[in-house]
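The values are calculated or read from the model by the stated rules, or taken from the named source; none is laboratory data. Predicted, not measured: the structure shown is a model, and the values here were computed from it. All Cβ positions, even for glycine, are placed from backbone atoms using ideal geometry, and neighbour counts span all protein chains on display.
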Amino acid sequence: MVRAYKLGILWLAVSLVACDGGGPGSISGEVGFFSSSSAPSIRTSERLFAQSQPDDFVPGEVLLKFRPGLSLQRVESLQAGGVALQREEELEPGGLALYRGVADKAQTQAAVAALARRPDVLYAQPNYIRQLFKTPNDEFYEYQWHYPAIHLPQAWEIEDGTSRTITVAVIDSGIVSAHPDLPTPVLGYDFISDPRIANDGDGRDNNPEDTGNVAPGAPPEALSGYHGTHVAGTIAARSNNNLGVAGVSWGARLVHVRALGVGGGSDADILAGLRWAVGLSVSGVPPNPYPAQVVNLSLGGRGACSPAWQDTINQANNQPQKPILVVAAGNSAENAAGFTPASCSGVITVGATETRGLRSYYSNYGARIDVMAPGGDVTVDRNGDGYADGVLSLLKDDRETGAAQFVYAFYQGTSMAAPHVAGVVALMKARRPDLTLAEALDILKGTAAPLNSSQCTGRPSDRIPSSFPTLQGSDCGAGLVNAQAAVSAAGSLTPSFTLQLSPATASLSPAVGSSVEITVNIARIAGFADPVSLSLSGLPAGVSHTLSPNPASGNSSTLRLQVDSTPAQGSYTLTLSGSGGSLTRTVGLPLQVAAPPPPPSVQGTAVVALFVAGNDIDASRSGVSIVSQAGLRAPYSIPDLVPGDYVVIAWKDVDGDDEITPGDYLGGYTDASGNLLLVRPTRSGIDVPLGVLSGTGSLRLPGSEVSLLPRLRQVLRR
């Protein structure tokens, strides 16, 4: 008699281990953290003239000014560098004049050089062609202060995103497809599996429409956020169309991946959406015909980067098109090392600035920040345009009907900063399609405008309390992005390298002997081949390190941190430096030295014997025992069980949310191979090892859609 059960990612074979008959019996044993056994791996749930290029001038024309006292009437014509020039126009009375001749660009430059050497000439220069910065005619562009802040109009002179179609995936709350300022066609997929969260009547489907994040029946003033539409508008709203606002890229293809709904979204849905966005397979979902080259993730939550997130990001980064993932740092005014996906490696983590170029009061900070971008501050109007200093983009107003619904609004947040960078990366990719993450990071960091300590701290601002720590400039990464410089640099790479850490954060326990290993990836750009010498600074007393190999001639080295004595608990920022050739690169490593967690206790654990009735569970014939004893292990006994087959599952609800969620303890009575065993009362010695949940999943009966976990809760609520 063998049955198969799926628990998380494991198929657990069920074997009969007791066949006692007769009247009511019991199942007893111990539940806890057994050092001699291995718990099963269970997973649940503004405008100026442009600077011309050196060769951007009118051939044969020279602007010339003689030194004071020389009459222009005496210089109607002249010879310079083999070119005959005639005075055509007096631009300044008694001063600057335009001379014209027949010459190509090289001859013109030679004439200018010859004139500049004359002692009677104050200056001479070619007649450069100047153009207005490319300024879109969108109705509300003048209120998009955040674009001049990053020199985006100058960048548009180089690349506006229309020369090559770059696909940008927006993993967010979906899209308001009827908004007239949204590029078409509307592409994407809805990855919200729970209809209640989706708020659209079903689960996953091919319609990424944002139905709002307010549950049905809410009062009219409870407006939905339509966050994904606002984010998408910053990246690629229809631009130069006499309507609304402009996007960073004027020609990007948007793919909308809906993963957030009422109350947010689960890791499972978000990660599935990320996989699909970059062209990885997702069970039951047709392939994405437009794998993203850039992905924007303006979302996240507390906690260091989890293995599931890092694994999925690693797979995404390995896709043939080499997608570049841009993520928001978070809005808690805390260290970004404590947030996911901001703390993950293999992504560009973006903090937020306001109109003065200071860190916005809410923006997360720390060594994990790569660059900053405008996120705004809707509590003030410092620029005096009559509106709150937020980021202006597309939105929907639930209180209106028809065309009046489709509006534009100011939002603030690192969620608004990240799409600025995603859009700039799309422009860079339009200029250089094979641009990699390492190259993009090297360019963005190398061209950014650094923030000093005061700017990064964000003062003066009445929104920052006196107790807020004084930050270092490096806590805002390389600084505020410069779109013009970044897009320009993307067109011609020079040999360089950049350092990336995996994982991007580290934690140690004060216990002597505690250690952690970090892979130092040396991304070599444009044929850079020199050895890289590595060094680490910022270590607290009591922690040592090794780097091997060092110097590194290859593409990686291993950094090992080791606790040698008892370091002070707290947060530290280590700096890893690499020097090779004439270049030096640094990367920050957040280190948390924390007290060891208290030993787990089994007190409050529910041990449940679930009665197996065919392809279902009979809650009425199931039993439960709540462990009252503290400690790593304790006895339990479930009395008065009717004869039959049972599976024994133990669960401790650590966070008290009455749901089986990551961080809870879960276990089952299994054999040494992890096979869940059937038990018939009376039986003793049925010991149940507990393990910490680390993901999402389910436990179902074979041939049935019935999940055991709700049945377990049903028994507990009787």
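If we keep just the residues of the stretch 537-574 that are surrounded by fewer than 15 Cβ atoms within 10 Å (Cβ to Cβ) and of a type in the set (Val, Ile, Thr), which is farthest from residue 371 (Cα to Cα)?
Within the stretch 537-574, the match that is farthest from residue 371 (Cα to Cα) is 566.
Would you be able to say whether some residue in the stretch 630-637 is touching a Pro at 6+ places or on another chain (Cβ under 7 Å) and more than 30 Å from residue 502 (Cα to Cα)?
The first filter runs over the stretch 630-637 and keeps only residues touching a Pro at 6+ places or on another chain (Cβ under 7 Å), leaving 632.
Keeping just the survivors that are more than 30 Å from residue 502 (Cα to Cα) gives 632.
Within the stretch 630-637 (the criterion being touching a Pro at 6+ places or on another chain (Cβ under 7 Å) and more than 30 Å from residue 502 (Cα to Cα)), the answer is yes, since at least one residue qualifies.
Every residue in the stretch 450-506 that is β-branched (Val, Ile, Thr) and within 20 Å of residue 338 (Cβ to Cβ), please. Spell out the reasoning first.
Filtering the stretch 450-506 for residues β-branched (Val, Ile, Thr) gives 457, 464, 470, 481, 487, 494, 498, 505.
Hits for the stretch 450-506 are 457, 464, 470, 505.
Just checking: which of the strands (runs of 3 or more DSSP E) contained wholly in the stretch 455-532 hold 3 or more residues that are crowded, with 16+ Cβ neighbours inside 10 Å and among the polar types (S, T, N, Q)? Spell out the reasoning first.
On the way: elements: 496-502, 506-508, 515-525.
Qualifying strands (runs of 3 or more DSSP E): 496-502.
Under 8 Å by Cβ, and 6 or more places apart or on different chains, what pairs join a residue from the stretch 127-153 that is under 30 Å from residue 60 (Cα atoms) with one that is among the charged types (D, E, K, R) and modelled with pLDDT of 80 or more?
Taking only residues 6 or more apart or on different chains, the pairs are 127/61; 131/157; 133/157; 134/157; 134/160.
Are any of the residues in the stretch 446-453 under 22 Å from the mean Cα position of the chain (by Cα), part of a helix (DSSP H, G or I), among the hydrophobic types (A, V, I, L, M, F, W, C) and crowded, with 23+ Cβ neighbours inside 10 Å? Before the answer, list the steps.
Taking the stretch 446-453 first, the residues under 22 Å from the mean Cα position of the chain (by Cα) are 446-451.
Next, from what is left, pick out any that are part of a helix (DSSP H, G or I): 446-447.
So of that shortlist, the ones also among the hydrophobic types (A, V, I, L, M, F, W, C) come out as none.
No, the stretch 446-453 contains no residue that is under 22 Å from the mean Cα position of the chain (by Cα), part of a helix (DSSP H, G or I), among the hydrophobic types (A, V, I, L, M, F, W, C) and crowded, with 23+ Cβ neighbours inside 10 Å.
List every residue pair whose Cβ atoms sit under 9 Å apart, with the two residues 6 or more apart in sequence or on different chains, where the first one lies in the stretch 458-471 and is at pLDDT 90 or above and the second, anywhere, is among the charged types (D, E, K, R) and loosely packed, with under 14 Cβ neighbours inside 10 Å.
Partner pairs satisfying both residue conditions: none exist.
What's the total number of residues in the stretch 282-304 that are under 13 Å from the mean Cα position of the chain (by Cα), modelled with pLDDT of 95 or more and either surrounded by fewer than 17 Cβ atoms within 10 Å (Cβ to Cβ) or β-branched (Val, Ile, Thr) (or both)?
Total meeting the criteria: 2.
So which strands (runs of 3 or more DSSP E) are wholly in the stretch 268-385 and hold at least 1 residues that are among the small types (Gly, Ala, Ser)?
Values: elements: 294-297, 324-328, 348-353, 371-374.
Strands (runs of 3 or more DSSP E) meeting the threshold: 324-328, 348-353, 371-374.
For the stretch 88-125, name all the residues that are part of a loop (DSSP other than H, G, I, E, B) and either over 16 Å from residue 75 (Cβ atoms) or at pLDDT 80 or above (or both).
Answer for the stretch 88-125, where residues must be part of a loop (DSSP other than H, G, I, E, B) and either over 16 Å from residue 75 (Cβ atoms) or at pLDDT 80 or above (or both): 101, 102, 103, 104, 117, 118, 120.
Residues are listed down the side, and each one gets a yes or a no for (1) small (Gly, Ala, Ser); (2) in contact with a Gly (Cβ under 6 Å, 6 or more places away or on another chain); (3) at pLDDT below 95:
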| position | (1), (2), (3) |
| --- | --- |
| 197 | no, yes, yes |
| 217 | yes, no, yes |
| 227 | no, no, yes |
| 248 | no, yes, no |
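Conditions first: (1) at pLDDT 85 or above; (2) assigned to a loop (DSSP other than H, G, I, E, B). Residue 26 passes all but one, so which condition is the exception?
Exception for residue 26: condition (2).
Hey, among 438, 403, 418, which residue is at pLDDT below 90 and part of a helix (DSSP H, G or I)? Working first, answer last.
Numbers: 438 fails: at pLDDT below 90; 418 fails: at pLDDT below 90.
After ruling out the rest, the residue left standing is 403.
So residue 235 fits all but one of (1) assigned to a helix (DSSP H, G or I); (2) on the phi > 0 side of the Ramachandran plot; what number is the exception?
So the condition that residue 235 fails would be (2).
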